[in-house]
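Data first, discussion second: the structure below is written as structure tokens.
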Amino acid sequence: MIYTVAIDGPAAAGKGTISKAVAAHFGFAHLDTGLLYRAVGAKVLAGAEPLAAATSLDPTDLENDNLRTPEVAQAASQVAVISEVRAALVDFQRAFAKREGGAVLDGRDIGTVICPDAQAKLFVTASAECRADRRFKELAGKGLDVSAEAVLADVMARDKRDRERETAPLIAAADAKEIDTSDLSIDQAVAAAIAFVQSRIS
Ligand code: DC
């Protein structure tokens, strides 16, 4: 049976944590689609042309240690505006979604564009301040030299660009269940997501 779970939402809302936990619970494979855009962004920062970077993307590009930096996040959000770049990444994501044994994909346009027929769609949100605070702690914990103000500005700039772009903007699918994680613990958010997915696939 092919099960697809689509998890979308703005930066640092908890999509990654929830997606990994849902995938582990159901034994599904997980694809963080933001990593594809980050890998393209990193290649562009290294001098590549955006479309050439997207069409030549190689699995080893996803292993680059720099992909989680704020600079690469901004570059990812910038290349993600280019419709040809997005188009170049569609087939890979759809093939992943259809793999035997089930798949969880997280990103910005999974429930709306990449997998409109996904059995379960979640839209994970949290207030901008809450998301920035979490991202700041995550980056500072990794030893990156960042300020809380700069992280909030980065998150807000990316959200604005991701929401306002013409192609595949960040928006909840009409049939997505929204989970606001602002006042939830990780365990509570994960439990809500698993309960919803279970209700959709059983
Ligand atoms: O999920 P993330 O923060 O790693 O994503 C980085 C950027 O990539 C994000 O700001 C917008 C873009 N992106 C996208 O446009 N569509 C996706 N499905 C995933 C990410």
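Bear in mind these aren't lab numbers, they're just calculated from the coordinates by the rules spelled out. Source: prediction; values computed, not measured. Reconstructed Cβ throughout: ideal geometry from the backbone, glycine too, with neighbour counts over all protein chains shown.
Worth pointing out:
- Here's the picture: charge each Lys and Arg Cβ at +1 and each Asp and Glu Cβ at -1 in the chain, and of Ser56, Ala192, Leu170 the one pushed furthest to the positive end of that dipole is Ala192.
- Per-residue ³J(HN,Hα) for segment 78-83, Karplus 6.51 cos²θ - 1.76 cosθ + 1.60, θ = phi - 60°, Hz, x for Gly and Pro: 6, 5, 5, 6, 7, 5
- Per-residue HN-Hα couplings for segment 136-150 [Karplus 6.51, -1.76, 1.60; θ = phi - 60°; Hz; x = Gly/Pro]: 4, 5, 5, 5, 5, x, 8, x, 7, 8, 10, 10, 4, 5, 5
- The phi-based Karplus calculation (6.51 cos²θ - 1.76 cosθ + 1.60; θ = phi - 60°) puts the 3J(HN,Hα) values of segment 63-76 at 9, 4, 5, 7, 4, 8, 7, x, 4, 5, 4, 5, 4, 4 Hz, whole numbers, x for Gly and Pro.
- Highest-MSF residue in the chain out of Ala189, Ala95, Ala153 [GNM, Cα springs under 10 Å]: Ala95
- Highest-MSF residue in the chain out of Ser77, Ser19, Ser127 [GNM, Cα springs under 10 Å]: Ser127
- Long-range tail of P(r) for the chain (Cα pairs > 25 Å, %): 33 percent
- Using a simple spin-label model with pseudo-atoms 7 Å out from Cα toward Cβ, Gln198 and Glu138 lie 2.6 nm apart.
- GluC sites (Glu not before Pro) restricted to DSSP loop in segment 135-180 with at most 16 other C-beta within 10 Å: Glu166
- The calculated pair-distance distribution of segment 152-202 uses every alpha carbon pair, bins of 10 angstrom beginning at 0, and gives 20, 34, 35, 10, 0 percent.
- Spatially close Lys pairs in the chain, defined by Cα atoms under 17 Å apart and a spacing of eight or more places or different chains, total 6.
- Theoretical ellipticity at 222 nm over the chain - DSSP helices of four or more residues, -39500 (n - 2.57) apiece, nearest 500: -16000 deg cm²/dmol
- For trypsin sites (Lys or Arg not before Pro), the sites in segment 141-186 that DSSP calls loop and that have at most 10 other Cβ atoms within 10 Å are Lys142.
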